[in-house]
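**Q** The structure's right below; bear with me while I get my questions together.
The values are calculated or read from the model by the stated rules, or taken from the named source; none is laboratory data. Bear in mind that the values here come from a model prediction, so they are computed numbers and not experimental data. Here the Cβ is made from the backbone with ideal geometry for all residues, glycine too, and neighbour counts use every protein chain on show. We work out accessible area using only protein heavy atoms, side chains counted, and drop any ligands, DNA or RNA first. Shrake-Rupley method; radii C 1.70, N 1.55, O 1.52, S 1.80 Å.
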Amino acid sequence: MSDTNENDHFPQLTSDSTPGTGADASISKEHGLAYWESISADENGMLGGIPSVAGFANTSKIDLQGSRNFLAKFGIGSKSKPGLKHCQRILEGGAGVGRITEGLLTELLDEEKDGKVDVVEPIAKFTAKLQGKRGVGKVYVMGLEEWVPEFKYDLVWTQWCVGHLTDEQLAEYLKRCKSALTEDGLIVIKENTTVLGNDEFDAEDSSVTRGEETFQKIFQKAGLKIVRAEFQKGFPQTRTIKLLPVRMYALKP
């Protein structure tokens, strides 16, 4: 099965990816886009068929709750949770059909101030699902490497999508995110990480799964500090199927 992508992708099954130094040099934007153009514009397509595997039906629900719990540690939450603050504007990088947009981010908005979630997503048939949806602001039909901020954000959420960016592109994207933060704004990267710590290229969708050391170097290059990092917990596994580790990084200048 494929690796991280520039859409709302999925926690990846361990696979026969090709490890190596400088794995991002093999990334092809055209190959990656073609791969995702061939995928159905629904949640099952976004999650690589994982929910249809016996025992994995609740993977999305577990993922969203883990993200919700992570944000609560920064005092961010929905109106159903008294005492937690809401966001005026949020950016989601790699939104796909809006699984996270609608399942998590719009519930964090300050509705009294007409809060919005802006989304970046290069596949037009996926963004069509989000046009005009409640709480959705500007829809950027482009890759993360092309996006330029127009607004200030309380939260920038990017999940299961940066594997299609080279290390340099990811650092530059994060620099632009940093420039678009409000005074107390937060950037969250939630991604698969490799088991052994090396970077692995997946030829199927032309993406890279990075190790911890590579992420840290990229964050440092972007001028960002890790203020909290946690592994996603609770994903299902069987005797023969196990997902790659998924790590959440909270970043600030």
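**Q** Considering the range 195-218 alone, what residues qualify as being within 15 Å of Y249 (Cβ to Cβ) and either crowded, with 20+ Cβ neighbours inside 10 Å or touching an Asp or Glu at 6+ places or on another chain (Cβ under 7 Å) (or both)?
**A** Within the range 195-218, T209, R210, G211, T214, F215, I218 qualify.
**Q** Which residues, counting only those in the range 59-86, are under 18 Å from I189 (Cβ atoms), buried (at least 16 other Cβ atoms within 10 Å of the Cβ) and touching a residue at least 60 places away in the same chain (Cβ under 8 Å)?
**A** D63, G66, S67, F70, L71, F74, I76
**Q** From the list F126, F56, which one is surrounded by 21 or more Cβ atoms within 10 Å (Cβ to Cβ) and more than 18 Å from the chain's Cα centre (by Cα)?
**A** F56
**Q** Within the range 176-192, does at least one residue satisfy the condition of being in contact with a helix residue (DSSP H, G or I) (Cβ under 8 Å, 6 or more places away or on another chain), surrounded by 22 or more Cβ atoms within 10 Å (Cβ to Cβ) and part of a loop (DSSP other than H, G, I, E, B)?
**A** Checking the range 176-192: not a single residue is in contact with a helix residue (DSSP H, G or I) (Cβ under 8 Å, 6 or more places away or on another chain), surrounded by 22 or more Cβ atoms within 10 Å (Cβ to Cβ) and part of a loop (DSSP other than H, G, I, E, B).
**Q** Kindly provide the set of residues from the range 32-53 that are surrounded by 19 or more Cβ atoms within 10 Å (Cβ to Cβ) and closer than 30 Å to R228 by Cα, ordered by number.
**A** M46, L47, G48, I50
**Q** Which residue pairs have Cβ atoms under 9 Å apart, sit 6 or more places apart or on different chains, and have a first residue in the range 169-189 that is closer than 9 Å to K252 by Cα and at pLDDT below 95 and a second that is of a type outside the set (V, I, T) and open to solvent by 10 Å² or more (accessible area, probe 1.4 Å)?
**A** none
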